[in-house]
Amino acid sequence: MDKVYNHKEVEGDIYQKWEEQGYFKPEINPKGKPYTIILPPPNANAPLHFGHAMYVIEDILIRYHRMKGEAALWLPGADHAGFETQFVFEKKLQKEGKSRFDFDRDELYKMIWDYVQKNREGTENQLRKLGFSLDWTRKKFTLDSDIIKIVYKTFKKLFDDGLLYRGDRLVNYCTKCGTSFSDLEVNHKEQKDSLYYLKYGPFILATVRPETVFGDTAVAVNTKDEKHKNWVGKEIEVQGVLGKFKVKVIADDVIDPNFGTGVAKVTPAHDMKDFEMGKRHNLNVVRIIDFDGKLNEKAGKYKGLYVKQARKIVAEDMQKMGLIEKIDENYTHTIEVCYKCGTTIEPMLLPQWFIRMESLAKPAIDAVKKGEIKIYPQRFEKTYLDFLENIRDWNISRQIVWGIRIPAWQCQDCSKWVVTAGEAPNNCSKCKSKNLEQDGDTFDTWFSSAQWPFATLQATKSENFYPTSVMETGYDILRWWVARMVMVGIYVTGKVPFKNIVLHGLVNDPLGKKMSKSKGNVIDPLELVEQYGADAVRFALVYGTAFGNDQSLSYPKLEAARKFTNKLWNMARFIEMKKIRINDEGLMMKDLENMAKNENDKEMVKKTKQLSKELTNNIDSYQFNYAAEALYEFVWHEFADKYIEDVKNRINQNSSLILNSLFIILLKLLHPFMPFITEEIYKRLTNSNRSIMIESWPQ
């Protein structure tokens, strides 16, 4: 053996042999019970970021259960990532001096498809370099035709069951990205703005949005407001910058009597609360902002101005006309912004497809409360339940090209919508007209990915692996994705999609800040693999951080993990130099208990057996940090520093056999965490033709 372990020389070859031998397939253990994890599919639009290195948790679980003799399936895939991918591609077009508007729908789709396919191959190679034992023969993509068929079938089922509707609803809309979003995809940002106190007929009222006055259809007070109660139900005349107009005075519980003067203008077309008030009081909905973010013809001479421009100019004109009593320049409030580009969200009245979520949420709530699904760490159970118990209907329409187009056609003669499982209808089911036009929207990518566990297993004819065993992912997408998978999975299959939800924390930069391209602090995991080795990167990510907690990338931990690999190598070199070889993969723990004659050997066998039990309990309870820490301390300080030093002074056939066999056992215990170096050492110290990854977990 070389004096120093060189990860660059062995990792690539080892992985290739594993894959060629079919070790990643569950069929390697044909009699084992199914154990399944579906890889949370990385976005196909870009290389992996450091957060994806946390897939190491899933690989530890898969390797551990494979060694326990189970038919362990880790199914890989990639997500087309709808809006996310189109956003990235549009930035690429901008650098080339082009725009999405330069291409028709089919052409733009084809361009994005080609772009994504190039990135997918690179992403898969990155996963290989990290040693992830994924069954590549079953890999899926969210835009595979068989996956799309399943998504369409679910959409049709929702429609037939009365859980799907197309309605004019106020939705979160980004005028820059040109699409709507669900409530979860909106970020909340605190900022200072001017609060304008307007002279509004007989009232003074406060607003941050004087530019929306052209869409006002009422003025509102709280139902318990004694001061203004005599005005409720009356119509008032208001002087505006375009002349006088009339609105109705209403009373509603949603009005905060402590905000401003307790009186509020109501603009149903451009405010979520106002829209709901409008429905309760039968108010007109007058849209005055178009989808490009500019005021329309209802704004008169202000038509064509962007919202911020209009706000400034309208306020200046109001001041000139004496329609503003005062302005608070330092009003702090919270606004909604696009999670991707940061543009202020503009609520828009838009016909969209919505899923009625209440009946889907109840079984998902019951599944956790009854223990059919367990969440680790348990503290995240509250986040899950809070989301489902307060759920709103889900807007699944997106005004983008990239994604699965919604299989719904509107009859141009009678306006009826015809929903199918993907195939184009021959005619309208109501009037038999053939004059049908398909909806131009695509599905929210979270709608298709909510079906990922059962869709991938159905598409790969692996239904016997459903329900899956574990859904392991970052806690930040518990509501976005995990809760939705539970709802849709139960709805479609009648079974929970997974038995355990296991949530890891985020990996921040060394200063504890979230990694982002805009901050310039993104760290490529493969750069660290190149420098420290995949085993060291994997081990450093689970060592020393309580599971579910965020962690900062630690170079000292990476260096310590690399030194640990070198320590293992040196231990193996000592055993090899002493010609302590055996003719098989090592003796079982029970054999060593019977063979040990020396008291120190007996004690080390006992301690190793206890370590195996401890690690088994740690992994079964998802306490990966405890497992890694126990391995590190035992292998380095108990086995290397004490036991090997002791055996050096009393080498004989019996102690040599016990030393070597115990070391082989430790390699097996380490294998799920550090697969490459354990495989390399195992091959060198034994005459076994089998890989360590399919040897039995030590008991």
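Values quoted throughout were computed directly from the atomic coordinates according to the rules given, and no laboratory measurement underlies them. Predicted, not measured: the structure shown is a model, and the values here were computed from it. No Cβ is skipped: glycine too gets one built from the backbone with ideal geometry, and neighbour counts run over all protein chains shown.
Could you work out the pair-distance distribution P(r) of region 347-408 from its alpha-carbon pairs, with 5 angstrom bin width and percents rounded to whole numbers?
Reading upward from the zero bin: 4, 14, 20, 16, 14, 14, 11, 8, 0.
Which entries in the list Lys244/Lys303; Lys340/Lys362; Lys557/Lys607 go over 24 Å, if you measure between the two C-alpha atoms of each?
Beyond 24 Å: Lys340/Lys362; Lys557/Lys607.
Looking at the square roots a ≥ b ≥ c of the eigenvalues of the Cα gyration tensor of region 137-239, which shape do they give, rounded for a/c under 1.5, prolate if a/b is larger than b/c, or oblate?
Judged from the Cα gyration tensor, region 137-239 comes out prolate (a/c at least 1.5, a/b above b/c).
So for the pair Glu603, Val232, with labels modelled 7 Å out along Cα→Cβ, what separation do we get in nm?
It is 8.3 nm.
Subtract the Cα-Cα distance of Met1 and Asn435 from 0.36 nm times their separation in residues, and report this length gain in nm to one decimal.
Result: 148.7 nm gained on full extension.
What residues qualify as long-range amide H neighbours of Val502, i.e. H under 5 Å apart, gap of 5 or more or another chain, H built at 1.01 Å from N?
Here Tyr376, Met471, Glu472, Thr473 satisfy the definition.
Grab the beta carbon distance between Asp292 and Asn549, set R0 = 51 Å, and tell me the FRET efficiency rounded to 0.05.
The value I calculate is 0.70.
Within region 368-463, count lysine pairs with alpha carbon atoms under 18 angstrom apart where the residues are 8 or more positions apart or belong to different chains.
Lysine pairs satisfying the spacing and distance rule in region 368-463 number 6.
Go ahead and collect, in residue order, the members of region 277-304 whose backbone nitrogen is under 18 Å from a label point 7 Å along the Cα-Cβ direction of Lys246.
Residues 282-286 qualify, since their backbone N sits under 18 Å from the label point.
Kindly flag which residue pairs out of Lys3/Lys668; Lys33/Lys118; Lys156/Lys279 have an alpha-carbon separation exceeding 32 Å in this structure.
Beyond 32 Å between Cα atoms: Lys33/Lys118.
In square nanometres, what is the average projected area of the Cα convex hull of region 109-189?
With every direction weighted equally, the projected area is 9.5 nm².
Length gain on complete extension for the stretch Lys308 to Gln610, per 0.36 nm per residue less the alpha carbon to alpha carbon distance?
Fully extending the segment from Lys308 to Gln610 adds 102.0 nm.
Note down the net charge around Glu297, summing +1 for each Lys or Arg and -1 for each Asp or Glu among other residues with Cβ under 12 Å from its Cβ.
+4
Compute the long axis of helix 105-129 from its Cα atoms, compare it with the longest principal axis of the Cα atoms of the chain, and write down the angle in degrees, 0 to 90, nearest 10.
30
How high is the relative contact order of region 179-338? Use alpha-carbon pairs under 8 Å, at least six apart in sequence, and give a whole percent.
It comes to 34 percent, rounded to a whole number.
How many Å³ per residue does the convex hull of the Cα positions in region 554-694 occupy?
105
Arrange the peptides 46-56, 185-195, 65-75, 651-661 so that the one whose residues have, on average, the most other Cβ atoms within 10 Å appears first.
Going by the mean number of other Cβ atoms within 10 Å, highest first, we get 65-75, 46-56, 651-661, 185-195.
Over the C-alpha atoms of region 7-87, what are the Rg and the largest Cα-to-Cα span, Dmax, in Å?
Looking at region 7-87, its Cα Rg and Dmax stand at 15.1, 47 Å.
Tell me, in nm to one decimal, what length is gained between His281 and Arg684 on full extension, where the rule is 0.36 nm per residue of separation less the Cα-Cα distance?
Computed gain between His281 and Arg684 is 137.1 nm.
Quick one: which residues, 5+ away or cross-chain, put their amide H under 5 Å from the amide H of Ser433? H built at 1.01 Å from N.
Cys428
Take Lys95 and Lys514, extend 7 Å from each Cα along the Cα→Cβ direction, and tell me the distance between the two endpoints in nm.
2.3
How far is helix 307-320 tilted off the main Cα axis of the chain, in degrees rounded to 10, range 0 to 90?
40
Report the relative contact order of the chain, percent, no decimals, based on alpha-carbon pairs under 8 angstrom and at least 6 residues apart.
16
Helix-only estimate, please: 222 nm mean residue ellipticity of the chain, summing -39500 (n - 2.57) across DSSP H runs of length 4 or more and dividing by its residues, to the nearest 500.
Theoretical 222 nm ellipticity from helices: -11500 deg cm²/dmol.
Could you give the semi-axes, largest first, of the ellipsoid that matches region 179-338, computed as the square roots of 5 times the alpha carbon gyration tensor eigenvalues and rounded to whole Å?
Semi-axes from the Cα gyration tensor: 23, 20, 17 Å.
So what's the net charge close to Cys428: Lys and Arg +1, Asp and Glu -1, counting the other residues with Cβ under 12 Å from its Cβ?
Net charge around Cys428: +2.
Please list 230-242, 473-485 highest first by mean number of surrounding beta-carbon atoms within 10 Å per residue.
Per-residue mean Cβ counts within 10 Å order the peptides as 473-485, 230-242.
Mind jotting down the three principal axis lengths of the chain based on Cα atoms? Whole angstrom, largest first.
Principal extents (Cα only, largest first): 105, 60, 53 Å.
Could you state the angle between the C-alpha long axis of helix 675-685 and the longest principal axis of the C-alpha atoms of the chain, as a value from 0 to 90 degrees rounded to the nearest 10?
Relative to the chain, helix 675-685 is tipped by roughly 10 degrees.
Counting Lys and Arg as +1 and Asp and Glu as -1, what is the net charge of the other residues whose Cβ lies under 10 Å from the Cβ of Ile236?
+1
So what J values fall out for region 588-594 if you push phi through Karplus, 6.51 cos²θ - 1.76 cosθ + 1.60 with θ = phi - 60°, rounded to Hz, Gly and Pro as x?
6, 4, 5, 5, 5, 4, 7
If amide H atoms are built 1.01 Å from N in the plane of the peptide, which residues on other chains or at least 5 residues away come under 5 Å of the amide H of Ala408?
Counting only residues 5 or more places away or on other chains, the set is Asp439.
Would you mind classifying region 414-537 by shape? Square roots of the alpha carbon gyration tensor eigenvalues, ordered a ≥ b ≥ c; an a/c under 1.5 is rounded, otherwise it is prolate if a/b is larger than b/c and oblate if not.
prolate
Quote the relative contact order of region 28-113 in percent (integer), defining contacts as alpha-carbon pairs under 8 Å separated by 6+ residues.
Relative contact order for region 28-113 comes out at 36 percent.
Order the peptides 154-165, 4-15, 488-499 from the highest to the lowest mean number of other Cβ atoms within 10 Å of their residues.
With the highest mean Cβ count within 10 Å placed first, the list reads 488-499, 154-165, 4-15.
Quick check on region 262-304: take the gyration tensor over C-alpha atoms, sort the square-rooted eigenvalues as a ≥ b ≥ c, and tell me if it's rounded (a/c under 1.5), prolate or oblate.
The shape class here is prolate.
Expressed as a fraction of 2.2 N^0.38 Å, the rule-of-thumb size for a compact globular protein of N residues, what is the C-alpha radius of gyration of region 68-222?
1.59
Can you give the FRET efficiency to the nearest 0.05 for Lys326 and Glu107, using r as the Cβ-Cβ distance and R₀ = 41 Å?
0.15
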